[in-house]
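A.B. asks: Please find one structure pasted underneath; my questions will follow.
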Amino acid sequence: MERAEAVALCRAKAEKETTVRHLISVEGVMRALARRFGEDEELWGLTGLFHDLDQDQTHDDPERHARLAAEWLREAGVDERVVNGVLAHAHDEFRTDLMSRAVRHADAVAGLLVAAALVRPEKTAGMKVSSVKKKLKEKAFAPGVDREEILGVESSIGLPLDEFLAVGIQGLQSVASEIGM
Ligand SMILES: [Fe+2]
């Protein structure tokens, strides 16, 4: 699926602009991770972009979350590897390969990075790993962000925390103009 068509699908399904912003931010992080691992940037990007496609419909039904998105994506003919990655961010049994493990870490770090950017006048420009690490340690900052999913990145996908944060920052910066970051 072409990116413009994929973004249009996100805009059609998401009811909140913050959801669209979240989807695009995770897309940016997933693309940067794919480049770092020498993996398929398009597949990883689509997985990030679609991971919470049904967020606004299923936010109070965790068991249904991602499964409704998977139905929509299959109807739209999206690659089954992307569908699996979308399911994996919410349901452990689909975490079968590097991409499907990476999406949950990308989801968490994108949440932290967007929150960090929102309290900086420069947003993502010039953002440093050291300042993001401070925010990571401040439990009261962006309390909805799952710290374990960020701190556990090395044991899960083999990327040291500092490098993961650096790649995440680059990924968010790559989509920053699109989401006002
Ligand atoms: Fe998410």
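The values are calculated or read from the model by the stated rules, or taken from the named source; none is laboratory data. Keep in mind that what you see is a predicted model, and the values were worked out from it rather than measured. Because the Cβ atoms are built from the backbone with ideal geometry, glycine has one as well, and the counts that use them run over all protein chains shown. Remember, those area values only see protein heavy atoms, side chains included, never the ligands or the DNA or RNA. Shrake-Rupley method; radii C 1.70, N 1.55, O 1.52, S 1.80 Å.
A.B. asks: Inside the range 27-59, can you point out the residues that are in contact with an Asp or Glu (Cβ under 7 Å, 6 or more places away or on another chain), closer than 12 Å to A106 by Cβ and more than 14 Å from the ligand (Cβ to nearest atom)?
C.D. replies: Scanning the range 27-59 gives R31, A34, G45.
A.B. asks: Further, regarding this structure: Do you know which residues across the range 1-28 are open to solvent by 30 Å² or more (accessible area, probe 1.4 Å), assigned to a helix (DSSP H, G or I) and within 11 Å of D56 (Cα to Cα)?
C.D. replies: K13, E17, T18
A.B. asks: What are the pairs, 6+ residues apart or on separate chains, where a residue within the range 47-59 that is open to solvent by less than 20 Å² (accessible area, probe 1.4 Å) has its Cβ under 7 Å from a residue that is in a loop (DSSP other than H, G, I, E, B) and more than 11 Å from the ligand (Cβ to nearest atom)?
C.D. replies: Going by the 7 Å Cβ cut-off, the qualifying pairs are D56/A14; D56/E15; D56/K16; T58/R64.
A.B. asks: Limited to the range 15-37, what total is found for residues that are over 15 Å from R101 (Cα atoms), β-branched (V, I, T) and under 12 Å from the mean Cα position of the chain (by Cα)?
C.D. replies: Of the residues in the range 15-37, 3 are over 15 Å from R101 (Cα atoms), β-branched (V, I, T) and under 12 Å from the mean Cα position of the chain (by Cα).
A.B. asks: Let me ask something else about it. Going by what's in this entry, would V82 be described as within 11 Å of the ligand (Cβ to nearest atom), in a helix (DSSP H, G or I) and buried (at least 22 other Cβ atoms within 10 Å of the Cβ)?
C.D. replies: So V82 fails the test.
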